[in-house]
Amino acid sequence: MNNDALKILLEVFRAGNFVTVAEDRGIAPSSVSRAVASVEAHLGVRMFHRTTRKLSPTEAGANYIARIAPLLEEFDAARDEAIDLTQGPKGTLRVTASNSFGQIALAPLLPKFCEAFPNISIELILSDRQIDLVEERIDLALRHGTLKDSALISRKLMSVDYKLVASPDYLNSGHLIRSPGDLKHHNLLTFPFEGFRDHWVLTKDTETAHIDVSPKLVVSNAAALMQLAMEGAGITLLADWTVERAIEQNHLVEILPDWSVSGSPSDAAIWIVYQSRTFIPSKTRALIDFLSKTAPQPVGSGSAQ
């Protein structure tokens with residue numbers, strides 16, 4: 001039986017339709033339909049119930065796909081290992097990250113990686129939703145905060161510190177900020193997420209200040225919050241990787257730099273996450289090692305999602 005037809009069958013099962021698989025592969029939906037039909041004809045078993053609106057697996061189809069999925073993955077791993085031993089890192093890497101981290105921190109590093117590994121190409125998928133690595137054939141993800149336990153493997157890429165920042169013009173036109181309590185006189189810009197929206201905690205030595213936040217603007221994207229701050233809309237709390245360059249270029253000023261500040265109870269870190277395999281393709285390991293070397297913090301490891 002055609003191995004590629006089996007892979008298409010698995011992709012259709014995960015996507016729930018022919019069109020998505022066709023778009024991902026750059027082929028016509030009719031080609032995807034024919035591949036599935038060829039498997040059904042070979043087995044003499046219908047894999048999916050088809051209607052004009054819905055595609056759902058039959059019981060026989062679901063059982064069959066569950067059995068062949070790990071075999072196909074092992075087949076691909078064996079192929080990749082053989083290629084790695086003879087040709088070195090090559091192929092396409094599908095990588096996902098949040099919109100802000102991808103735009104601000106990750107994208108500027110990729111040209112140097114591509115120069116070092118000319119036989120590797122990268123598909124970067126930026127999304128603020130947590131993409132399923134298996135279903136969407138993602139090789140590596142960059143994720144934030146405390147991770148859920150799962151069969152996925154994680155490596156801590158970098159710790160994250162948060163900074164209070166505003167534009168020089170905004171600070172020159174408002175009340176002076178000498179202590180955390182002075183923040184109540186200012187426009188505060190923040191995330192809608194738990195902790196960030198309602199409450200900030202600042203610490204200095206043995207002193208702790210709790211600031212109730214009544215935000216002027218609530219925005220779910222870090223890059224947008226940074227832009228608003230640079231335009232003089234107010235003070236915001238952002239990760240260091242978001243604002244370091246803007247501070248260096250004097251577009252933003254750090255406020256109360258002697259204080260540690262946080263808006264979230266979760267572990268402030270960026271993690272590299274990838275699928276658990278006995279064999280990690282050299283193209284994936286090449287990017288993991290590259291990112292680990294460029295991170296400013298020591299790397300750890302664990303199991304997480």
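Could you grab me the full set of residues in region 7-48 that are among the small types (Gly, Ala, Ser) and over 15 Å from Glu135 (Cβ atoms)?
Step one: of region 7-48, the residues among the small types (Gly, Ala, Ser) are 15-16, 22, 26, 28, 30-31, 33, 35, 37-38, 41, 44.
Scanning region 7-48 gives Ala22, Gly26, Ala28, Ser30, Ser31, Ser33, Ala35, Ala37, Ser38, Ala41, Gly44.
Taking the condition of being part of a helix (DSSP H, G or I) and surrounded by fewer than 18 Cβ atoms within 10 Å (Cβ to Cβ), how many residues in region 11-21 meet it? Talk me through it step by step, then tell me what you get.
First, pick out the residues of region 11-21 that are part of a helix (DSSP H, G or I): 11-15, 18-21.
Filter again for surrounded by fewer than 18 Cβ atoms within 10 Å (Cβ to Cβ), leaving 14, 19-20.
Of the residues in region 11-21, 3 are part of a helix (DSSP H, G or I) and surrounded by fewer than 18 Cβ atoms within 10 Å (Cβ to Cβ).
Please find, within region 239-268, the residue that is modelled with the lowest pLDDT out of those that are buried (at least 19 other Cβ atoms within 10 Å of the Cβ), within 30 Å of Leu152 (Cα to Cα) and of a type in the set (Gly, Ala, Ser).
Once the filter is applied, the top-ranked residue is Ser264.
Determine whether Ala35 is of a type in the set (A, V, I, L, M), free of Cβ contacts under 8 Å to residues at least 60 places away in the same chain and either under 23 Å from Thr284 (Cβ atoms) or surrounded by fewer than 18 Cβ atoms within 10 Å (Cβ to Cβ) (or both). Steps first, please.
Details: of a type in the set (A, V, I, L, M): yes; free of Cβ contacts under 8 Å to residues at least 60 places away in the same chain: yes; either under 23 Å from Thr284 (Cβ atoms) or surrounded by fewer than 18 Cβ atoms within 10 Å (Cβ to Cβ) (or both): no.
The answer is no for Ala35.
Go through region 212-236 residue by residue and tally those that are hydroxyl-bearing (Ser, Thr, Tyr) and more than 17 Å from Asn99 (Cβ to Cβ). Before you say what the answer is, go through the steps one by one.
Filtering region 212-236 for residues hydroxyl-bearing (Ser, Thr, Tyr) gives 214, 220, 236.
Filter once more, keeping what is more than 17 Å from Asn99 (Cβ to Cβ): 214.
Qualifying residue count, region 212-236: 1.
Of the numbered conditions (1) open to solvent by 70 Å² or more (accessible area, probe 1.4 Å); (2) closer than 16 Å to Ile104 by Cβ, Ala224 fails exactly one; give the number of that condition.
(1)
On the basis of being of a type in the set (Val, Ile, Thr), outside any loop (DSSP other than H, G, I, E, B) and out of contact with any strand residue (DSSP E or B) (no Cβ under 9 Å at 6 or more places or on another chain), does Thr86 make the cut? Step through it out loud before you land on a result.
Details: of a type in the set (Val, Ile, Thr): yes; outside any loop (DSSP other than H, G, I, E, B): yes; out of contact with any strand residue (DSSP E or B) (no Cβ under 9 Å at 6 or more places or on another chain): yes.
Judged against the criteria, Thr86 is a match.
Looking only at region 90-112, count how many residues are open to solvent by 30 Å² or more (accessible area, probe 1.4 Å), in contact with a Leu (Cβ under 9 Å, 6 or more places away or on another chain) and not in a helix (DSSP H, G or I).
Count: 1.
So, Arg137, is that one on the phi > 0 side of the Ramachandran plot and either surrounded by 13 or more Cβ atoms within 10 Å (Cβ to Cβ) or touching a Cys at 6+ places or on another chain (Cβ under 6 Å) (or both) or not? Let's see the steps before the verdict.
Details: on the phi > 0 side of the Ramachandran plot: yes; either surrounded by 13 or more Cβ atoms within 10 Å (Cβ to Cβ) or touching a Cys at 6+ places or on another chain (Cβ under 6 Å) (or both): yes.
Against the criterion (on the phi > 0 side of the Ramachandran plot and either surrounded by 13 or more Cβ atoms within 10 Å (Cβ to Cβ) or touching a Cys at 6+ places or on another chain (Cβ under 6 Å) (or both)), Arg137 qualifies.
Looking only at residues in region 38-55 that are polar (S, T, N, Q) and over 23 Å from Glu74 (Cβ atoms), which one is least open to solvent (accessible area, probe 1.4 Å)? Steps first, answer last, please.
Let us first name the residues in region 38-55 that are polar (S, T, N, Q), namely 38, 51-52.
Then drop every residue that is not over 23 Å from Glu74 (Cβ atoms), which leaves 51-52.
Details: Thr51: 93, Thr52: 146 Å².
Checking each candidate, the answer is Thr51.
State all residues of region 161-178 that are without any contact (Cβ under 8 Å) to a residue 40 or more places away in the chain and open to solvent by less than 50 Å² (accessible area, probe 1.4 Å); if no residue qualifies, say none.
Gly174
Can you spot a residue in region 201-213 that is at negative phi and open to solvent by less than 10 Å² (accessible area, probe 1.4 Å)?
Start the filter on region 201-213 by keeping residues that are at negative phi, which leaves 201-204, 206-213.
This time we only want the ones that are open to solvent by less than 10 Å² (accessible area, probe 1.4 Å), so: 202.
Looking through region 201-213, at least one residue is at negative phi and open to solvent by less than 10 Å² (accessible area, probe 1.4 Å).
Could you list all residues from region 27-69 that are under 13 Å from Glu11 (Cβ atoms) and in a loop (DSSP other than H, G, I, E, B)?
Result: Ile27, Met47.
In this structure, is Val95 modelled with pLDDT of 90 or more and among the β-branched types (Val, Ile, Thr)? Don't jump to the end; show me each part of the working.
Working: modelled with pLDDT of 90 or more: yes; among the β-branched types (Val, Ile, Thr): yes.
Answer is yes for this residue.
Restricting the first residue to region 141-160 and requiring it to be within 14 Å of Ala268 (Cβ to Cβ), which pairs with a second residue that is among the acidic types (Asp, Glu) and modelled with pLDDT of 85 or more meet a Cβ separation below 7 Å and a spacing of at least six or different chains?
Hits for this filter: Val160/Asp240.
The values are calculated or read from the model by the stated rules, or taken from the named source; none is laboratory data. Only a predicted model underlies this, so the values are computations on that prediction, with no experimental measurement involved. Don't worry about glycine lacking a Cβ; one is built from the backbone with ideal geometry, like all the others, and counts go over all protein chains shown. Calculation scope for accessible area: heavy atoms of the full protein, side chains included, ligands and nucleic acids excluded. Shrake-Rupley method; radii C 1.70, N 1.55, O 1.52, S 1.80 Å.
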